[in-house]
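Accompanying notes for the structure given below.
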Amino acid sequence: MTITDLALPSTDIDPFSDEALADPYPVYKQLRDLGPLVELTQHGVVALSRHAQVVDALTDSQTFSSADGVGLNDLSNSAFQNTLIGSDPPEHTRWRAVLAERLAPRSLRELKTDVVTRVDEYVADLVSRGSFDAIADLARAVPVAVVLDLLGFPQEGRDQLLGWAERFGDINGPANERMRAALPAVDELFGWLATTCTRDRMIPGGFATTIHEAAERGDIPEDAVVPLMSSYALPAMDTTISAIGSAVQLFVENPDQWEALRENPALIPGAFNEVIRLESPIQAFSRVTRRTYATEGFSIPENVRVVVLYGAANRDERKYPDPDRFDVRRENVDHVAFGLGTHACPGQGLARMEAHAVLESLTRRVRTWESAGEPRRRFTNITRSLDRLPVVVHQ
Ligand code: HEM
């Protein structure tokens, strides 16, 4: 059976075209309005764009499997086989356990003072300049300073990691030009991990050492080391950069919301949720059905690839009143920007720590924001990022 036999609403809308990537939200609304399950004829997949169905897919890994890859093309799905993100339990449970302790709230609490101090010193210096590019000078600088040391990769080649991570969002998209242009990054990254990130060259105490130690103990096979290192190296950077960049953009555009945050910094955790609800750093991943899934009078059988549109679910009007409005006081803890269930982002505590530290420091130092030029968007298949965001700050 092909998906065209499924009697689902169908459309030739391409959520990965340049037009859609420039402003995906009207496209997502069209998809949500078409139905809970919509065939995307250009890509031969079924789109889940409403909050309820996205939650179903993320919380039921027996029906919605990640083991055939979570990208939208065969090349990346085979390259990322046996990684954390591209596996199901029981393998997934073993891979995930390796760094669980390092990313648990107790371990993160030990890092907090250092992260907050580093971020605050950096932001103080930046704000004293009066104007800066919120992407190059802030959003990229913070995860590079915080996460690279934590991962514990050797200095040699580290500077390339950000470039590889930035291509992750293209590699996992459909087999379009963007995806093909990004593909060499996969071999480069895996080559670097295999030849440079060997046990003897790791910075002691880093996540990468913990992964090597798990293999030495026999908790994971030796050939799982490189895929597992890639699992953390790639999604740890670009996502957080995207979130910090979007936060600044939304506050520049919504001065009343900045004022509210400055008056009451206790709103910062909720405000950060609101930023990633509205501008979800990861917009899409996929799953393959292992059995029939039925919802609201429609159904799909086993072996159908579905694209899970996190960014569309987070703006579903069935779930959030006035969904396109940025409101730092909104009830929004049930957004799906960090995923849910088996594959829910294990780095979310760290990402929140970094972003909260940035916002706390900025609320103390920046009275008002002003745009200093057109923001420039980076067009990537499954992530949402800016490339340039010039701002002036008034203290
Ligand atoms: C704002 C920042 C971040 C966002 C929005 C984000 C988002 C996500 C999402 C949506 C998933 C779920 C994928 C799925 O459903 O298949 C995920 C998984 C993952 N994230 Fe994050 N992430 C962020 C930061 C981080 C950081 C800092 C790290 C590393 C410490 C990280 C490591 C991972 C890993 C390893 C997975 C795969 C988990 C698994 O398959 O079990 N992420 N992330």
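The values are calculated or read from the model by the stated rules, or taken from the named source; none is laboratory data. Just so we're clear, the structure is a prediction, and the values are computed from it rather than from any experiment. Note that each Cβ is placed from the backbone with ideal geometry, even for glycine, and that neighbours are counted across all protein chains shown. Remember, those area values only see protein heavy atoms, side chains included, never the ligands or the DNA or RNA. Shrake-Rupley method; radii C 1.70, N 1.55, O 1.52, S 1.80 Å.
Within region 45-73, the set of residues being of a type in the set (A, V, I, L, M), surrounded by fewer than 20 Cβ atoms within 10 Å (Cβ to Cβ) and under 22 Å from D187 (Cβ atoms) is empty.
Just to be sure before I move on: is S76 of a type in the set (S, T, N, Q), within 23 Å of A224 (Cα to Cα) and open to solvent by less than 50 Å² (accessible area, probe 1.4 Å) in the structure I sent? Break it down stepwise before answering.
Details: of a type in the set (S, T, N, Q): yes; within 23 Å of A224 (Cα to Cα): yes; open to solvent by less than 50 Å² (accessible area, probe 1.4 Å): yes.
So S76 passes the test.
Kindly establish whether E370 is open to solvent by 40 Å² or more (accessible area, probe 1.4 Å), more than 30 Å from T63 (Cβ to Cβ) and either of a type in the set (A, V, I, L, M, F, W, C) or assigned to a strand (DSSP E or B) (or both).
Numbers: open to solvent by 40 Å² or more (accessible area, probe 1.4 Å): yes; more than 30 Å from T63 (Cβ to Cβ): yes; either of a type in the set (A, V, I, L, M, F, W, C) or assigned to a strand (DSSP E or B) (or both): yes.
Yes.
Checking every residue in region 305-313 against the condition of being open to solvent by 20 Å² or more (accessible area, probe 1.4 Å) and either part of a strand (DSSP E or B) or touching a residue at least 40 places away in the same chain (Cβ under 8 Å) (or both) gives at least one match. Annotation: G173 fulfils all but one of (1) more than 29 Å from A357 (Cβ to Cβ); (2) more than 16 Å from the ligand (Cβ to nearest atom); (3) not β-branched (V, I, T); the unmet one is (2). Among residues of region 49-60 that are touching a residue at least 12 places away in the same chain (Cβ under 8 Å), those with a Cβ under 6 angstrom from a residue that is open to solvent by 20 Å² or more (accessible area, probe 1.4 Å) and assigned to a helix (DSSP H, G or I), sequence gap 6+ or separate chain, pair up as L58/G341; T59/G341. Scanning region 318-359 for residues that are in contact (Cβ under 8 Å) with a residue 60 or more places away in the chain, assigned to a helix (DSSP H, G or I) and either within 10 Å of the ligand (Cβ to nearest atom) or in contact with a Ser or Thr (Cβ under 8 Å, 6 or more places away or on another chain) (or both) returns G341, T342, H343, G349, L350, A351, R352, M353, E354, A355. The single condition among (1) open to solvent by 10 Å² or more (accessible area, probe 1.4 Å); (2) in contact with a Lys or Arg (Cβ under 8 Å, 6 or more places away or on another chain) that S242 does not meet is (1).
Taking helices (runs of 4 or more DSSP H) that fall entirely within region 1-112, which contain at least 3 residues that are in contact with a Cys (Cβ under 9 Å, 6 or more places away or on another chain)?
Working: elements: 18-22, 24-34, 51-59, 74-79, 91-100.
Answer list for region 1-112: none.
Selection of region 90-107 for residues being surrounded by 14 or more Cβ atoms within 10 Å (Cβ to Cβ) and within 10 Å of the ligand (Cβ to nearest atom) yields H92, W95, R96, L99, R102, L103.
In this structure, does F153 turn out to be assigned to a loop (DSSP other than H, G, I, E, B) and closer than 23 Å to Q348 by Cβ?
Numbers: assigned to a loop (DSSP other than H, G, I, E, B): yes; closer than 23 Å to Q348 by Cβ: yes.
So F153 passes the test.
Name the residues in region 113-129 that are open to solvent by 20 Å² or more (accessible area, probe 1.4 Å) and over 17 Å from Q348 (Cα atoms), would you?
Residues of region 113-129 that are open to solvent by 20 Å² or more (accessible area, probe 1.4 Å), as a first pass: 113-114, 116-118, 120-122, 124-125, 128-129.
Of everything in region 113-129, those that are open to solvent by 20 Å² or more (accessible area, probe 1.4 Å) and over 17 Å from Q348 (Cα atoms) turn out to be T113, D114, T117, R118, D120, E121, Y122, A124, D125, S128, R129.
Of all residues in region 1-17, those satisfying the criterion of being at pLDDT 90 or above and among the β-branched types (V, I, T) are T11, I13. No other residue among D137, D133 is farther than 30 Å from A194 by Cβ, open to solvent by less than 80 Å² (accessible area, probe 1.4 Å) and in contact with a Pro (Cβ under 7 Å, 6 or more places away or on another chain) apart from D133. Assess whether A294 counts as being open to solvent by 70 Å² or more (accessible area, probe 1.4 Å) and not in a loop (DSSP other than H, G, I, E, B). Criteria met by A294. Can you name every residue in region 167-220 that is in a helix (DSSP H, G or I), surrounded by 14 or more Cβ atoms within 10 Å (Cβ to Cβ) and polar (S, T, N, Q)? Of everything in region 167-220, those that are in a helix (DSSP H, G or I), surrounded by 14 or more Cβ atoms within 10 Å (Cβ to Cβ) and polar (S, T, N, Q) turn out to be T209, T210.
Has region 266-282 got any residue that is within 15 Å of the ligand (Cβ to nearest atom), basic (K, R) and assigned to a helix (DSSP H, G or I)? Among the residues of region 266-282, at least one is within 15 Å of the ligand (Cβ to nearest atom), basic (K, R) and assigned to a helix (DSSP H, G or I), which makes the answer yes. When E110 is tested against (1) more than 30 Å from S286 (Cβ to Cβ); (2) surrounded by fewer than 18 Cβ atoms within 10 Å (Cβ to Cβ); (3) within 20 Å of the chain's Cα centre (by Cα), just one condition goes unmet, and that condition is (3).
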